[in-house]
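To start, the structure under review is shown below, and the notes come after it.
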Amino acid sequence: MIKECLHCKNNFSRKENESIGYWTIKKYCSSHCKGKALIGTTKSESYKQTMKERMKGKQNSLGCKRSNEFRENLSKYWTNNPKHNHWIDGKGHERNKERSKDMSRFPYRFWRESVLKRDNYTKTMVIR
Ligand SMILES: [Zn+2]
């Protein structure tokens, strides 16, 4: 199977480790050509913007200030709504199975924060 690269016009063939599905949508001989071909297009600009916004959101959600604020609000919320069925005794999923997905989020979040605190937030420095 041979294709012509849309960027450099060279012929290229399917590599052994590439799936048929990937090969059918592949348009460039290499990621290098793909990158070159996409530079300057409006699509890549908007894609970059989207990625920028996404990464910003990630850093904020991992940041110390934001998450403390979040936890404060959350604890206030639990105090003001002690009968909230998500978190009376940790058995919300037994009373309401539809809520079981929400249930799993909060413990996970606290677990993640405790891991980050233990590592002194060094992981946030790695994320760019
Ligand atoms: Zn190429």
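Couple of notes before you dig in:
- Counting charges near T24 (Lys, Arg +1; Asp, Glu -1) among other residues having Cβ under 15 Å from its Cβ returns a value of +3.
- Trypsin sites (Lys or Arg not before Pro) within region 1-55, DSSP loop, no more than 13 other Cβ atoms inside 10 Å: K9, K15, K27
Since every read-out is calculated from the coordinates, none of them should be taken as a lab result. As the structure is a computational prediction, the values presented were derived from the model and not from experiment. So basically every Cβ, Gly included, is an ideal-geometry build from the backbone, and we count neighbours across all protein chains shown.
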